[in-house]
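Novice: Handing you a structure now.
Derivation of every value follows stated rules applied to the coordinates shown; laboratory data play no part. None of the values given here were measured: they were computed from a predicted structure.
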Amino acid sequence: MIADCAPAELRGTAFGMFNLLTGLALLLASVIAGALWDAVGYQATFLVGGSFAVLTLLGLWVIQARGTH
């Protein structure tokens, strides 16, 4: 998708920005998961992760029901 959306002269930059943002999001998620694990326990970490997965599925269901892509 990135290669298709980015102009040819900026394709490398687009891939770099995508990987930068992905890495930062993963770092933030890992820090939050670690803090939650330390503060509350491993059960809460997995419950929050599962809750986010369910919310994502519900959001995708709503988008599909609206017929927008």
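Novice: Round to a whole angstrom and tell me the spacing of the C-alpha centers of the range 4-25 and the range 29-69.
Specialist: 25 Å
Novice: Which whole-number percent of Cα pairs in the chain have a distance greater than 21 Å? Intermediate results must be reported in sequence, preceding the final value.
Specialist: Details: 1268 of 2346 pairs.
Of all Cα-Cα pairs in the chain, 54 percent lie more than 21 Å apart.
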